[in-house]
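Scroll down for the structure; my scribbles are underneath it.
The values are calculated or read from the model by the stated rules, or taken from the named source; none is laboratory data. Since the model is a prediction, treat every value here as computed from it, not as a measurement. Note that each Cβ is placed from the backbone with ideal geometry, even for glycine, and that neighbours are counted across all protein chains shown. Heads up: the accessible areas ignore ligands, DNA and RNA and are worked out on the full protein's heavy atoms, side chains in. Shrake-Rupley method; radii C 1.70, N 1.55, O 1.52, S 1.80 Å.
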Amino acid sequence: MRWRGVIAGICCLALPFALAGCGSDKTQHVKSSRPAAVTPTAMLQSKPSPTPAPCTTLGDCPQRFDAAAAFVRRQQGHLGVVVRDRQTGKVWTAGEPGRRIWTASSIKLAIATDMLERDRSGAVTLSAQDRLLMAGMLNWSDEDAAMTLWKKYEGDAGVARWRTRYGMKDVGFVPGFAHNWGFMKATPRDFDSLVSYVLNNAVAPIRQYLVSALQGVAANQRWGIWAAGSQEHPGNKDGWSYEADDGGHNWITNTVGFAGPQQRYVLSVMYQLPPRGTLAQGVHVVSDLVATLFGRPVPATITVPAPDG
């Protein structure tokens, strides 16, 4: 994480595909001094209500999206959410999925993906030490490892590749700050594109490495998508930082990755808290949102990272 700052705005809701609602009709009832007779014909026409289909997976549970949308509306600050069902192709969004928010350490997933693909193509050759640094960068979010790899392999050219190859069209440096990985913004849609690329387009060895790395993160990243529950085999690259922007100071808590059988669901949640918000508050908001989507208990049982983690 890093220390900087921002002013909070108002969270709004956007849903790309409609969820079913319920209505009610007013009916007048007339009292009778004796019960109406039930004829054999009426008894034959009366049928029991069908049993609702069991709600077992996120894709089968539209009511969870309703609950999650209501949860997002209650939050202050800027909260953006994208959920993609890789099996059906449906995408659900809430809050501000197109708002550029500080990426914090979540951007390390883009660094690792780009480095692995360039190594495979022969453009660069990763050493054993480079791979150790990458493991630390992904596993416990090692800051020094990320900076070493950034200076050696990424830079401005790397960001241009992310935009064209991974579909992260809004990722970029923050004006007035140094051009390095720690001073960048992107949108939840950008990270949805990145994770979707890893799962759908990366060659098997790279995909398998990154899936395993994100599923095996250290305790300081076991929140956010981790709140989906171990039975969903979640994998995430979380990011948390204290940022300066628009004259204010704000905590950022992001979680991007996947959950579900065969990584069915891609999730991207980015949250810029109001100026008085705390790290623990932000971590719990993004975690409780994921728990709501996956039908897990709220508040979620998660690990809040150290501020300087």
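Summing Lys and Arg as +1 and Asp and Glu as -1 over all other residues whose Cβ lies under 14 Å from the Cβ of G89 gives a net charge of +2. One compactness figure for the stretch 156-231 is 1.26, namely its Cα radius of gyration divided by 2.2 N^0.38 Å. Our summary of shape: the Cα atoms of the stretch 96-219 have principal axis extents of 36, 34, 30 Å, ordered from largest down, in whole angstrom. For the stretch 160-217, the solvent-accessible area of protein heavy atoms averages 41 Å² per residue (probe radius 1.4 Å; ligands and nucleic acids excluded). Each residue of the stretch 103-110 was assigned a 3J(HN,Hα) from its phi angle through the Karplus expression (A = 6.51, B = -1.76, C = 1.60, θ = phi - 60°), giving 7, 6, 7, 4, 5, 4, 5, 5 Hz with x at Gly and Pro.
In terms of packing, defined here as the mean over residues of other Cβ atoms within 10 angstrom, the peptides 83-89, 277-283 line up highest first as 277-283, 83-89. Can you return the aspartates and glutamates within cross-link range of K90? Criterion is Cα-Cα under 16 Å, with same-chain partners fewer than 8 residues away left out. K90 reaches D60, D66, D192.
Seen from A218, the other residues with C-beta closer than 11 Å to its C-beta sum to a net charge of -1, counting Lys and Arg as +1 and Asp and Glu as -1. Shown in residue order for the stretch 268-285 are the 3J(HN,Hα) couplings computed by the Karplus curve 6.51 cos²θ - 1.76 cosθ + 1.60 at θ = phi - 60°: 9, 10, 10, 9, 9, 6, x, x, 8, x, 10, 4, 4, 4, x, 4, 6, 4 Hz (x for Gly and Pro).
Ordering 258-268, 135-145 by mean Cβ neighbour count within 10 Å, with the highest value first, yields 258-268, 135-145. Only protein heavy atoms count here; on that basis, with a 1.4 Å probe, H249 has an accessible area of about 90 Å². Altogether, the Stokes-Einstein calculation at 25 °C and 0.890 mPa s, with the Kirkwood radius of the stretch 125-181 over Cα pairs as Rh, returns a diffusion coefficient of 198 µm²/s. What's the whole-number percent of alpha carbon pairs in the stretch 159-294 lying beyond 17 angstrom? In whole percent, the long-distance tail amounts to 61. Judged by the gyration tensor of its Cα atoms, with axes a ≥ b ≥ c, the stretch 67-116 is oblate; a/c meets the 1.5 cut and b/c is at least as large as a/b. Distance from the Cα centroid of the stretch 184-235 to that of the stretch 105-159 is 16 Å (rounded to whole angstrom).
Per residue, the average separation of C-alpha pairs within less than 8 Å and at least 6 apart gives the stretch 68-215 a relative contact order of 26 percent. Couplings for the stretch 118-130, taken from phi via the Karplus curve 6.51 cos²θ - 1.76 cosθ + 1.60 with θ = phi - 60°, read 5, 5, 5, 6, x, 5, 9, 10, 7, 7, 4, 5, 4 Hz in order; Gly and Pro are left as x. Summing +1 for each Lys or Arg and -1 for each Asp or Glu among the other residues whose beta-carbon sits under 13 angstrom from that of P62 gives -1.
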